[in-house]
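Undergrad: Next up is a structure, given as structure tokens.
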Amino acid sequence: MKKVITYGSFDLFHEGHYNLLKRAKELGDYLIVGITTEQFDESRGKLNIVDSLIDRIEHVKETGFADLIIIEDHLGQKVEDIQKYGVDIFTLGSDWEGKYDYLKELCEVVYLERTKNVSSTMLRREKYPLIRLGMIGTGRIAARFAPETHFVSGIVLNSVYNPYRKQAEKFAVRYGLELYSGEISEFLEHIDAVYIASPHETHYEYAKQALLMGKHVLCEKPMTLKEEEARELFRIAEERNCVLLEAIKTAFCPGFQRLLSIAKSGSIGQICDVEACFTRLTGENTRERTDKAYGGSFLEFGSQTLLPIFKLMGTEYKEIRFDSICDKNGIDLYTKAYLSYENGMALSKSGVAVKSEGQLLISGTKGYILAESPWWLTQSFEVRYEDPNKKDTYTAKFLGDGLRYEISDFVNMIHAGEYKSYKFTEEEAIAMAGVMEKFLQKRKGN
Ligand code: CTP
């Protein structure tokens, strides 16, 4: 019996997939079809798969060509499968020509001609009109964000706004954007969604204006500096049927998601304490060190360190207390925020002029999780126990600057008409704004 194997995402099942499977089956007597998981697709940079794995399996099954359907979930699996199932022929469409020649050591490799003028990418575009994204602000994070948009299908960054029109123009030229503007309502007219990357204190006004015009909003952290403002923005977003998402990139990274699920799985028992630290030394003349109203370490990095705390301990803390080392101008150079909970405690450390170990430590009744710096770009973490010989290490892929994950979630939410994110919830965003407000009140008081 001649065994044939082929792989694919088979998203939005189309004629090209059907033809490929038909011809693959004709190459032998028994056809095995490997279908990718969302996580595997994500790890190889294929974001925005529309159909669920179950639906994609169902569509392949319906063709009647597959004798066996398997799931492909990791790199290197093809080599394993070929040996495991005793495969004679490995086949894929001609778009992969040459790419899998290394498998010739194990079996015959056949590239079948691809059906013209159809692809999942094309169908995704037809199903969901391209989201035109505009960017407010042209600073450091904006420069990192722009290239990341290219990795997510369904969205195109087409314009940029800066009240200083010249800056907007410079940015647009540099990143090849169609439009730029120094006038906010004109800028908002030409887009469907906006990414806000302007100074902290301007987020609220821009977000409000965009939402009132029915634009989806992805807003850099901290989204607002007052709890009531965050509540108001979510209210408007709901009224206008818009997505409002705070861009805390770590929250959307696959590795961080994994860390949260392991932490909540019971493997370290009941979680009692979360300590998160993020410090980055910045020059004396930077905004972080000179902006008396909105600079400082906590406003800069506090959202980052509060994220795992809220995710694991919740937003219902009993008390929060801050200790800071401040510069002569009153700006906090280093801040510790202590949170106490009914059943535990948490600590956030942030610094712009004090360097510390940037780690995330989650302590439980049976063990603890340690994610070392840079835990916010979660690529690996360890679960450790009383017995030092017992240790589990987890690794995850983190692509590029990692901003593509939040962009991808933003796009998926818009497409699905699902305006709530479980990865960073409305409740968490509001609580985060509440902490920022308390911190600013305290700093002002000082
Ligand atoms: N395929 C084909 N003809 C097409 C599209 C896909 O023969 N017009 C083949 C691919 O070469 C592959 C299999 O179908 O062997 C599954 O491909 P997949 O990547 O799932 O489909 P695409 O439509 O290429 O998806 P995308 O646009 O997301 O890359």
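The values are calculated or read from the model by the stated rules, or taken from the named source; none is laboratory data. Treat the numbers as computed from the prediction; the structure is a model and nothing was measured. All Cβ positions, glycine included, derive from the backbone under ideal geometry; neighbour counts span all protein chains shown. Accessible surface areas use protein heavy atoms only, side chains included; no ligands, DNA or RNA. Shrake-Rupley method; radii C 1.70, N 1.55, O 1.52, S 1.80 Å.
Undergrad: Write out the GluC sites (Glu not before Pro) in the range 157-186 meeting two conditions: DSSP loop, and at most 12 other Cβ atoms within 10 Å of their Cβ.
TA: E178, E183
Undergrad: Hey, which of these cross-link pairs are over 28 Å Cα-Cα: K84/K249; K226/K264; K249/K355; K170/K336?
TA: In this structure, K84/K249; K226/K264; K170/K336 exceed 28 Å between Cα atoms.
Undergrad: Rank by packing, highest mean first: peptides 287-300, 60-73, with packing defined as the count of other Cβ atoms within 10 Å averaged across residues.
TA: Answer by packing, highest mean first, reads 287-300, 60-73.
Undergrad: Measure of size requested: the Rg and Dmax of the range 1-77, with Cα atoms as the atom set and Å as the unit; please supply both.
TA: 12.1, 38
Undergrad: Of S356, P254, M213, which is farthest on the positive side of the dipole of the chain, counting Cα position, with +1 on Lys and Arg Cβ, -1 on Asp and Glu Cβ, and the Cα centre as origin?
TA: About the Cα centre, the residue reaching furthest to the positive side is S356.
Undergrad: Can you give me the Cα centroid spacing of the range 266-332 and the range 378-446 in angstrom?
TA: 14 Å
Undergrad: Which trypsin sites (Lys or Arg not before Pro) does the range 375-414 hold that lie in a coil by DSSP with at most 11 other beta carbons within 10 Å?
TA: K390
Undergrad: If you filter the range 389-433 for GluC sites (Glu not before Pro), then keep DSSP loop positions with at most 11 other Cβ within 10 Å, what is left?
TA: Those that pass, being in a loop and sparsely packed, are E418.
Undergrad: Which residue, A431, N389, T202, has the largest displacement toward the positive end of the dipole of the chain when charges sit on each Cβ (Lys, Arg +1; Asp, Glu -1)?
TA: Sorting the options by dipole projection puts first T202.
Undergrad: Beta carbons within 10 angstrom, averaged per residue: use that to sort the peptides 147-155, 307-315, highest first.
TA: 307-315, 147-155
Undergrad: Can you show me the helix-derived [θ] at 222 nm for the chain, built from DSSP H runs with n ≥ 4 at -39,500 (n - 2.57) apiece and divided by the number of residues, rounded to the nearest 500.
TA: Only helices count here, giving -11000 deg cm²/dmol.
Undergrad: What's the angle, to the nearest 10 degrees (0 to 90), between helix 203-212's Cα axis and the longest principal axis of the chain?
TA: 60 degrees
Undergrad: I've got another one for you. Name the most mobile residue of Y334, Y206, Y111, meaning the one with the largest mean-square fluctuation, in a Gaussian network model of the chain with Cα contacts below 10 Å.
TA: Y111
Undergrad: More than 40 angstrom separation, counting every C-alpha pair in the chain; what % is that?
TA: Taking all Cα-Cα pairs of the chain, the fraction more than 40 Å apart is 29 percent.
Undergrad: What are the ³J(HN,Hα) couplings of the range 280-286, residue after residue, when phi is run through the Karplus curve with 6.51, -1.76, 1.60 and θ = phi - 60°? Round to Hz, x for glycine and proline.
TA: 9, 6, 10, x, 5, 9, 6
Undergrad: Carbon and sulfur: what percent of the chain's accessible surface (1.4 Å probe)?
TA: 48 percent
Undergrad: Output wanted: per-residue J couplings in Hz (rounded whole) for the range 45-50, from phi through Karplus 6.51 cos²θ - 1.76 cosθ + 1.60, θ = phi - 60°, x for Gly and Pro.
TA: x, 9, 9, 6, 5, 8
Undergrad: When you have a sec, figure out the Kirkwood radius of the range 80-182 from all distinct Cα pair distances and drop it here in Å to one decimal?
TA: Here the Kirkwood hydrodynamic radius works out to 17.3 Å.
Undergrad: With everything on Cα atoms, drop me the angle between helix 53-63 and the longest principal axis of the chain, reported from 0 to 90° to the nearest 10.
TA: The helix 53-63 is inclined about 20 degrees to the chain.
Undergrad: Would you pull out the residues with amide H under 5 Å of E246's amide H, same chain only if 5 or more places away, H placed 1.01 Å from N?
TA: Residues meeting the amide H criterion: C219.
Undergrad: Here is a further query. With springs only between Cα atoms under 10 Å apart, run a GNM on the chain and tell me which of R280, R174, R124 wobbles the most.
TA: Its mean-square fluctuation being the largest, the pick is R174.
Undergrad: Right, another one. Cross-link partners among lysines for K166, C-alpha distance below 26 Å, same-chain residues fewer than 8 apart left out?
TA: K208, K215, K221
Undergrad: Another question, if that's okay. Hey, what do the phi angles of the range 406-419 turn into as Karplus ³J(HN,Hα) couplings, whole Hz, using 6.51/-1.76/1.60 and θ = phi - 60°, x for Gly and Pro?
TA: Karplus values, whole Hz, x for Gly and Pro: 5, 5, 5, 5, 4, 4, 4, 5, 5, 4, 7, x, 9, 9.
Undergrad: Still on this model: Relative to the longest principal axis of the C-alpha atoms of the chain, give the angle of the C-alpha long axis of helix 165-175, reported between 0 and 90° and rounded to the nearest 10°.
TA: Taking Cα atoms only, the helix is inclined about 30 degrees.
Undergrad: Roughly how far apart, in whole Å, are the Cα centres of the range 9-85 and the range 131-195?
TA: 37 Å
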